[in-house]
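Inspection log for the structure reproduced underneath, given as structure tokens.
The values are calculated or read from the model by the stated rules, or taken from the named source; none is laboratory data. The shown structure was predicted, so the numbers you read here are calculated from the model rather than taken from an experiment. Cβ coordinates were reconstructed from backbone atoms using ideal geometry, including for glycine residues, and neighbour counts include every protein chain displayed. Ligands, DNA and RNA are stripped out before the accessible areas are found, and what is left, the full protein with its side chains, is counted by its heavy atoms. Shrake-Rupley method; radii C 1.70, N 1.55, O 1.52, S 1.80 Å.
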Amino acid sequence: MELEKELLSLKNNAVSLILDAKTPEELEELKLQFVGRSGSLTKLLKELPKVPENERREIGQLANEVKTVIEEALERALEQTTKHRQAERLLTLKQQIDVTEPGNTPPLGHLHPVTEAIEEITEIFSHIGFTRVRYPEIEWDWYAFEALNFPKNHPARDDWETFFIREAPHATYGPMLLTPHTSSGQIREMLKAEMPIRMLNIAKTYRRQSDVSHVAMFHQFETLVVDEKISIADLKGTLDYFVKSYFGADRKTRIRPYHFQFTEPSFEVDITCGACLGKGRLPDGQECKLCKEGWLELGGAGMVHPNVLKNSGVDPDKYSGFASGFGVERVATVKNGLEDIRDIYSTRLSFLEQF
Ligand code: PHE
């Protein structure tokens, strides 16, 4: 009976140690200590043959039970401590990685300053009912000049240093060219004969020129309004509205007499300079280098010439209209205080990232 006692106390001892164990390593140790090849249970089992024969069966069974209990306890505890360890690992991993932190965003580009300007101009004019239109950029002479009241071989044509296309001239429309201005859109718009007209034509224009304020390919935006009783007041009001929306409420507009074949009267449009605020002199008394006496030139405008209305099938006795044509690059550089218009087509990232 001595062995029976020893077996039971070994079982209690082993099970309580197993329950106290916190790590899989501790449990491996206990396994060796009790059921390993030289473990204490194994040693006790070796005593079995010494037990008197009549008790041997009973004690043998008990020994087996003790072994099973210990092995099962070990197995369960091992499972639990392993799970616990995994959970702990996961927890520390989560503490190291803040899963709520926003990810790294890759560097993002933005629209080109010219595209941004076109979108802004379109938006501003859309608020006062102008519809953006597009017309061919490879055009006939008739739409770009003749219908706009330039007689054939008129010297004023030279002001638009035009690229002509090597193609046989059209019998009615003459030679083909790259649009030197968006005013050809006036003719195409009026020929559609849908009155009243509030057109915004933004397109690429091409001229043989290149210096600090000119590039060979640039964009213009052209307004055309045709209705009954359209006057210079409508033109001036529209220009003021655009300038204040695009450049800021503190900017003023002025129109100066000028000459275009297709408008009468014709004007050049100026706005007050953003650097000297229209004063022509900087606060320290120095002359402002950005402008001429406080004013910056933006583009041309005027009342649509009666001949242009007639050429486009519009009755000049019933209708009148105004038109304006500005450079997109020009307004964008003036707004952003750039001095060299060619910068706007630079591919330097350090330059483009300013916008
Ligand atoms: N087409 C003229 C230019 O390119 C600008 C303009 C447009 C002038 C409309 C008057 C009316 O210079």
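Considering only region 274-286, I want to know if a residue exists there that is under 32 Å from the mean Cα position of the chain (by Cα), within 16 Å of the ligand (Cβ to nearest atom) and in a loop (DSSP other than H, G, I, E, B).
No, because not a single residue in region 274-286 is under 32 Å from the mean Cα position of the chain (by Cα), within 16 Å of the ligand (Cβ to nearest atom) and in a loop (DSSP other than H, G, I, E, B).
Filter region 172-216 down to residues that are of a type in the set (A, V, I, L, M, F, W, C), within 25 Å of Lys310 (Cα to Cα) and without any contact (Cβ under 8 Å) to a residue 60 or more places away in the chain, then give me how many there are.
3
Among the residues of region 213-247, which ones are within 16 Å of the ligand (Cβ to nearest atom), over 23 Å from Glu119 (Cβ atoms) and part of a loop (DSSP other than H, G, I, E, B)?
Result: Ser213, Ala216, Ile230, Ser231.
Tell me which residues, restricted to region 182-212, are within 14 Å of the ligand (Cβ to nearest atom) and either of a type in the set (Val, Ile, Thr) or on the phi > 0 side of the Ramachandran plot (or both).
Residues satisfying the conditions are Thr182, Ile187, Ile197, Ile202, Thr205.
For Phe262, state whether it is more than 24 Å from the chain's Cα centre (by Cα) and open to solvent by less than 50 Å² (accessible area, probe 1.4 Å).
Considered against the rule, which asks whether it is more than 24 Å from the chain's Cα centre (by Cα) and open to solvent by less than 50 Å² (accessible area, probe 1.4 Å), Phe262 comes out as yes.
Tell me which residues, restricted to region 117-141, are hydroxyl-bearing (Ser, Thr, Tyr), open to solvent by less than 40 Å² (accessible area, probe 1.4 Å) and assigned to a strand (DSSP E or B). Outline the logic, then answer.
Step one: list which residues in region 117-141 are hydroxyl-bearing (Ser, Thr, Tyr), which gives 122, 126, 131, 135.
Now drop any that are not open to solvent by less than 40 Å² (accessible area, probe 1.4 Å), which leaves 122.
If the condition is that a residue be hydroxyl-bearing (Ser, Thr, Tyr), open to solvent by less than 40 Å² (accessible area, probe 1.4 Å) and assigned to a strand (DSSP E or B), then no residue fits.
Go through Leu309, Leu277, Leu290 for me and flag whichever is of a type in the set (A, V, I, L, M, F, W, C), at positive phi and surrounded by fewer than 22 Cβ atoms within 10 Å (Cβ to Cβ).
None of the others qualify; the one that does is Leu277.
May I ask you to say which residue of Lys335, Lys279, Lys310 is under 22 Å from Ser184 (Cα atoms) and of a type in the set (D, E, K, R)?
Numbers: Lys335 fails: under 22 Å from Ser184 (Cα atoms); Lys279 fails: under 22 Å from Ser184 (Cα atoms).
Step by step, each of Lys335, Lys279, Lys310 is checked, and only Lys310 is under 22 Å from Ser184 (Cα atoms) and of a type in the set (D, E, K, R).
In region 306-333, what residues are away from the ligand (no atom under 16 Å from the Cβ), in contact (Cβ under 8 Å) with a residue 24 or more places away in the chain and assigned to a helix (DSSP H, G or I)?
Of everything in region 306-333, just one residue is away from the ligand (no atom under 16 Å from the Cβ), in contact (Cβ under 8 Å) with a residue 24 or more places away in the chain and assigned to a helix (DSSP H, G or I), namely Ala332.
Of a type in the set (D, E, K, R) and more than 16 Å from the ligand (Cβ to nearest atom), is that true of Arg134?
yes
Can you pull out the residues in region 192-212 that are open to solvent by 50 Å² or more (accessible area, probe 1.4 Å) and either in a loop (DSSP other than H, G, I, E, B) or touching a helix residue (DSSP H, G or I) at 6+ places or on another chain (Cβ under 9 Å) (or both)?
Across region 192-212, the qualifying residues are Lys192, Ala193, Glu194, Met195, Pro196, Arg198, Arg208, Ser210, Asp211, Val212.
Would you point out the residue of region 162-181, among those that are farther than 16 Å from Tyr135 by Cβ and within 16 Å of the ligand (Cβ to nearest atom), that is surrounded by the fewest Cβ atoms within 10 Å (Cβ to Cβ)?
Residues of region 162-181 farther than 16 Å from Tyr135 by Cβ: 162-172, 174-175.
Now narrow it down to the ones that are within 16 Å of the ligand (Cβ to nearest atom): 162-163.
On the way: Thr162: 19, Phe163: 15.
It comes out as Phe163.
Provide a single number: the residues in region 286-297 that are more than 18 Å from Ala332 (Cβ to Cβ) and modelled with pLDDT under 90.
2
On the given criteria, is Lys252 at negative phi, modelled with pLDDT under 90 and open to solvent by 40 Å² or more (accessible area, probe 1.4 Å)?
no
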